[in-house]
1. Which net charge results when you count Lys and Arg as +1 and Asp and Glu as -1 among the other residues whose beta-carbon is under 12 Å from that of R119?
2. What does the charge add up to near K131, with Lys and Arg as +1, Asp and Glu as -1, over the other residues with Cβ less than 15 Å from its Cβ?
3. Taking springs between alpha-carbon atoms closer than 10 angstrom, which of S173, S76, S44 fluctuates most in the Gaussian network model of the chain?
4. Would you tally the net charge around R75, using a Cβ to Cβ cut-off of less than 12 Å, leaving R75 out, and scoring K and R as +1, D and E as -1?
5. Across the stretch 95-190, how large is the tail of the calculated P(r) beyond 17 Å, expressed as a percent of all Cα pairs?
6. Count the DSSP beta bridges whose two residues both fall in the chain, then state the antiparallel fraction as a percent rounded to the nearest 5.
7. Can you send over the carbon and sulfur percentage of the accessible area for the stretch 140-181, probe radius 1.4 Å, protein chains only?
8. Take the chain, connect every pair of alpha-carbon atoms lying under 10 Å apart with a spring to form a Gaussian network, then pick out the residue of A82, A59, A165 with the largest mean-square fluctuation.
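The values are calculated or read from the model by the stated rules, or taken from the named source; none is laboratory data. None of these values were measured; they are calculated from a predicted model. Methodologically, a virtual Cβ is constructed for each residue, glycine included, from the backbone with ideal geometry; neighbour enumeration extends over all protein chains shown. When the accessible area is computed, the model is the full protein with side chains, heavy atoms only, and any ligands, DNA or RNA have been set aside. Shrake-Rupley method; radii C 1.70, N 1.55, O 1.52, S 1.80 Å.
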Amino acid sequence: LSAVVHDGGQGWAAARAWWLLRWTGHPDVRVLDGGLPSWEGALSTDVTEPAEGDFEPAAGAGQLLDADGAAALARSGVLFDARAGERYRGDVEPIDRVGGHIPGAVSAPTTENVGPDGRFLSGAELRDRFKGLGASEGAEVGVYCGSGVSGAHEVLALAVAGIPAALYVGSWSEWSADPSRPVAVGPDPQ
C-alpha cells in the first residue's frame, strides 16, 4: 500500500512523516506537495476505517547521521544546515544554549526549497540550487537543522532533486548541548 502524507501547507511535518516512514523501510511514501491547501478535489469529514496493511517497520532503512558522522561529513562531503541564515550565522538562537553552526556546514535554508505557492521548486531548480551549494556529482550529502524537522524537508527536497542525503536527527539541539563540540559563527562555513 502507498502512504500519502500531508500537513497544513508548510510541508515540514509531512516531510518528517515521509522521512520516518522511509527510514523504517516503507516502500512507497509520497507527500502532497503544497499540503492540504493545494488539494483541488473534494474533502470529506467522514471518519473512515482504513484497510489493514502489511507494513512491518524496520528502523534503519534510511540514511542517518549521528554527531560524529555529521562532523566527519562536513569535512569529507557536504553537510547542509537547513535553518534560517540568522541561526546558522549565530546572530540569534531562540531555542538552544548557543548560536552558530557545525564547522564546515553550508547554509541552505529550507524555506528556499519552495516557491511562493508553498510547493517544491522543480527537480531541476532544486538540483541547480544544491549543486550551487556544493552537492556535486558523487558528493556524500547530509542535512541537519534545529531538531530534525526542517532538515527532513531538506532531505525530501534533495530527493526531488535526485540527490540522496542522510539526516542528522539530533541536529543543532543535540550538537550545541555538548559544550565539547566546536561551534562556528558567521557566514563562513568554517
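1. Values: positive: none; negative: D33, D117, E125.
My count for the surroundings of R119 gives -3.
2. For residues surrounding K131, the net value is -4.
3. Largest GNM mean-square fluctuation: S44.
4. Working: positive: none; negative: D68, E140.
The answer is -2.
5. 51
6. Counting only bridges with both partners in the chain, antiparallel ones make up about 15 percent.
7. 56
8. Its mean-square fluctuation being the largest, the pick is A59.
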